[in-house]
1. In the list 340, 346, 326, which residue meets the criterion of being in contact with a strand residue (DSSP E or B) (Cβ under 7 Å, 6 or more places away or on another chain) and away from the ligand (no atom under 16 Å from the Cβ)?
2. Could you look through the range 105-140, keep only residues that are within 27 Å of residue 93 (Cα to Cα) and not in a helix (DSSP H, G or I), and pick out the one that is nearest to the ligand (Cβ to nearest atom)?
3. In the range 141-151, which residues are within 16 Å of the ligand (Cβ to nearest atom) and assigned to a helix (DSSP H, G or I)?
4. From the residues in the range 31-51 that are within 14 Å of the ligand (Cβ to nearest atom) and outside any strand (DSSP E or B), which one is farthest from residue 398 (Cα to Cα)?
5. Of the residues that make up the range 359-373, is at least one surrounded by 15 or more Cβ atoms within 10 Å (Cβ to Cβ) and assigned to a strand (DSSP E or B)?
6. Sort out which residues of the range 314-332 are in contact (Cβ under 8 Å) with a residue 24 or more places away in the chain and touching a helix residue (DSSP H, G or I) at 6+ places or on another chain (Cβ under 6 Å), and write them in order of number.
7. Sort out which residues of the range 274-315 are part of a loop (DSSP other than H, G, I, E, B) and closer than 18 Å to residue 252 by Cα, and write them in order of number.
8. Every residue in the range 223-262 that is under 21 Å from residue 196 (Cβ atoms) and part of a loop (DSSP other than H, G, I, E, B), please.
Ligand code: 7TS
């Protein structure tokens with residue numbers, strides 16, 4: 001069987017002459033959205049946790065396993081060469097996607113969490129010492145918090161934090177006393193998974209560099225939703241996860257400047273990451289292979305290429321415009337309900353579409369369970385950001401998070417269901 005051509009694979013979105021953002025046609029590309037959940041049309045509002053996958057990505061996984069499957073960088077046979085080419089193609093694509101960096105600077109991991117752990121363990125292990133300071137923010141996801149706390153404990157270093165303004169932005173009033181010449185690293189979320197806030201990464205990068213520090217931006221929430229150019233941001237490390245941007249689970253990306261990667265020791269060791277091995281010594285392969293020990297998630301990486309193509313076909317600028325419009329609509333609609341509080345900035349141009357809210361009378365878990373009975377998937381809890389929850393004075397929030405396949409009808413369904421749950425609880 002021959003491989004389908006690129007044209008054969010084009011999702012419905014690419015219909016003839018289509019240049020706009022047509023949510024209905026996008027929805028049609030996501031088979032999971034056709035199902036009913038608990039007897040209702042599925043309204044998926046949990047994309048900040050994991051996005052759904054278009055048919056093109058599902059087909060790519062199928063095609064990989066039915067036509068290419070083999071290990072990469074090893075076998076001198078046709079399938080292995082095809083698998084290697086497809087895997088490396090996604091590396092090149094990922095490099096283009098974040099602003100045209102060198103493919104060798106793209107390291108595949110199993111997710112954003114592992115990418116950040118890689119930096120903490122490898123770069124941090126080598127460069128953080130007693131009394132050094134690591135600056136993070138009060139709104140970090142645990143993935144960009146726990147690795148730094150553990151590293152600081154191990155190295156007797158200090159974790160400092162940038163506090164928040166009442167509307168959930170970074171409070172930079174005292175920033176000159178937080179990022180100082182003692183700072184070795186600033187690690188900041190590009191977009192918060194709870195507040196939606198887009199952080200001033202470029203400004204923090206300038207400040208970090210002025211003080212001789214490096215900066216890591218956790219792009220797990222930003223990369224799916226807005227154009228990202230790591231060189232323009234001026235960061236040293238950038239991390240993200242494929243599964244939050246229409247791609248398969250088990251694939252993450254770490255980008256870092258080549259000279260940094262070359263100076264860093266390996267993270268995992270074993271097959272594929274070596275140049276020469278004896279019982280006495282081991283020398284490492286060049287980057288990126290030095291950081292990719294063992295057999296990676298080949299199928300996932302290969303299919304991630306289709307996810308990136310899908311996003312690019314819509315256009316990251318258009319995706320951001322859609323997010324601003326729909327987030328604005330959602331915030332306005334939710335705020336029409338009294339006794340409902342939204343966390344984070346209310347201006348949609350300052351934020352993404354992860355909208356956390358609390359109802360004065362109903363616990364977020366009850367709200368979420370009720371919504372689920374109406375086919376509406378949201379997340380409730382601390383969203384892996386316990387220090388942030390403490391700063392907000394909340395135990396938990398409900399969170400509706402939006403993506404390319406959501407529209408105003410989804411928001412209306414959410415608001416109607418919240419009204420229903422209020423009448424159900426008699427509040
Ligand atoms: N950083 C941020 C800002 C995130 O939102 C998440 C996951 C991660 C890192 C970790 O990504 P992973 O792919 O390695 O797990 N955020 C969420 C969430 O908000 N709900 O579920 C996972």
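1. None of the other options fit; the residue is 340.
2. It comes out as 111.
3. Selection gives 142, 143, 144, 146, 147, 148, 149, 150.
4. Step one: filter the range 31-51 for residues within 14 Å of the ligand (Cβ to nearest atom), giving 44-51.
Checking the rest, the ones that are also outside any strand (DSSP E or B) come to 45, 47-51.
Details: 45: 11, 47: 14, 48: 12, 49: 13, 50: 16, 51: 17 Å.
Ranking the qualifying residues of the range 31-51, first place goes to 51.
5. Yes, that holds for at least one residue.
6. Selection gives 324, 327, 329, 330.
7. To start, the set of residues in the range 274-315 that are part of a loop (DSSP other than H, G, I, E, B) comprises 278-281, 285-288, 292-297, 315.
Correct list: 287, 288, 292, 293, 294, 295, 296, 297.
8. Hits for the range 223-262 are 223, 224, 225, 226, 227, 228, 229, 235, 245, 246.
The values are calculated or read from the model by the stated rules, or taken from the named source; none is laboratory data. From a predicted model like this one, the values you see are computed outputs, not experimental measurements. So basically every Cβ, Gly included, is an ideal-geometry build from the backbone, and we count neighbours across all protein chains shown.
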